[in-house]
1. Among the residues of segment 172-199 satisfying the criterion of being open to solvent by 50 Å² or more (accessible area, probe 1.4 Å) and of a type in the set (A, V, I, L, M), which is modelled with the lowest pLDDT?
2. Quick one: count up the residues across segment 1-44 that are exposed (fewer than 14 other Cβ atoms within 10 Å of the Cβ) and hydrophobic (A, V, I, L, M, F, W, C).
3. On the basis of being open to solvent by less than 20 Å² (accessible area, probe 1.4 Å), under 19 Å from Ser111 (Cα atoms) and free of Cβ contacts under 8 Å to residues at least 40 places away in the same chain, does Val234 make the cut?
4. Of everything in segment 141-161, what is under 24 Å from the mean Cα position of the chain (by Cα) and among the small types (Gly, Ala, Ser)? Give them in sequence order.
5. Report, by residue number, each residue of segment 50-90 that is assigned to a loop (DSSP other than H, G, I, E, B), among the aliphatic types (A, V, I, L, M) and either under 30 Å from Val177 (Cβ atoms) or at pLDDT below 80 (or both).
6. Go through segment 25-57 and give me each residue that's in contact with a strand residue (DSSP E or B) (Cβ under 8 Å, 6 or more places away or on another chain), closer than 18 Å to Gln6 by Cβ and hydrophobic (A, V, I, L, M, F, W, C).
7. Counting just the residues of segment 209-231 that are open to solvent by 40 Å² or more (accessible area, probe 1.4 Å) and under 25 Å from Trp152 (Cα atoms), which one comes out modelled with the lowest pLDDT?
8. Consider Ser117 carefully, then state whether it is within 22 Å of Glu192 (Cα to Cα) and surrounded by fewer than 15 Cβ atoms within 10 Å (Cβ to Cβ).
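The values are calculated or read from the model by the stated rules, or taken from the named source; none is laboratory data. If you're wondering where the values come from, they're calculated on a predicted model, not measured in any experiment. Don't worry about glycine lacking a Cβ; one is built from the backbone with ideal geometry, like all the others, and counts go over all protein chains shown. To get the accessible areas, we keep the full protein, side chains included, count just its heavy atoms, and leave off ligands, DNA and RNA. Shrake-Rupley method; radii C 1.70, N 1.55, O 1.52, S 1.80 Å.
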Amino acid sequence: MTFGEQPAYLRVAGDLRKKIVDGSLPPHTRLPSQARIREEYGVSDTVALEARKVLMAEGLVEGRSGSGTYVRERPVPRRISRSGFRPPSGATPFRQEQADGETRGTWESSSRQAEASVAVAERLGIRPGDRVMCTKYLFRDAGEAMMISTSWEPLAVTGRTPVMLPEEGPLGGMGVVERMAAIDVVVDNVTEEVGARPGLAEELLTLGGVPGHVVVVIQRTYYASGRPVETADVVIPADRYRVAYHLPVK
């Protein structure tokens with residue numbers, strides 16, 4: 001193979017991908033069999049198999065038990081807003097959007113006390129094993145799972161206060177800024193780091209993806225005078241949603 005030449009399996013995958021994108025192989029169409037790919041492209045079984053694996057990893061096709069491999073319906077990405085704007089109602093922007101009568105969003109959550117892992121402890125500036133309140137959220141759009149969020153708050157800050165449980169009490173369901181203000185903790189900064197990775201098995205099971213699908217991961221941390229008071233991982237299926245940031249101009 002000369003410099004710059006693609007391996008055979010990538011050339012085959014590229015041609016099949018082009019047919020999927022331009023509609024020659026429309027959604028729900030069965031992908032040519034391994035034998036058909038071998039004959040049509042003049043490649044080995046191994047190359048044909050690897051080409052199919054590439055398309056499956058890209059989420060373009062899916063296997064159906066006992067039936068074969070089929071072209072997946074390509075979703076039209078929808079927008080998820082991330083905003084520096086704080087609504088006057090005190091609700092987070094997501095919750096305010098979902099309160100609109102025209103939206104179809106719902107969410108569910110559960111909280112439990114836990115010991116901070118090494119990674120979470122580093123993000124919160126505490127010691128591994130220190131107690132935190134861990135809250136898991138699942139957000140849905142018209143019943144379809146769209147976003148998972150897991151947050152951690154140090155109980156050294158919120159323990160034995162009315163806001164210890166993020167979704168319960170007089171400020172249950174309000175944003176981190178408002179809840180912390182109720183216990184005289186003034187949040188003055190928030191950071192978000194955005195990355196992407198293959199989804200974990202349990203994440204894809206919840207979000208409706210297939211093995212190999214990529215997810216967007218937003219690592220968010222709220223600070224009060226330089227002290228982290230909440231950190232969270234937000235996981236979004238990359239093939240179905242785009243993250244839009246609306247930041248205020250100072």
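1. The qualifying residue modelled with the lowest pLDDT is Met174.
2. 4
3. No; evaluated as a whole, the condition is false for this residue.
4. Ala142, Gly143, Ala145, Ser149, Ser151
5. Val76
6. Leu55
7. Val214
8. Answer is yes for this residue.
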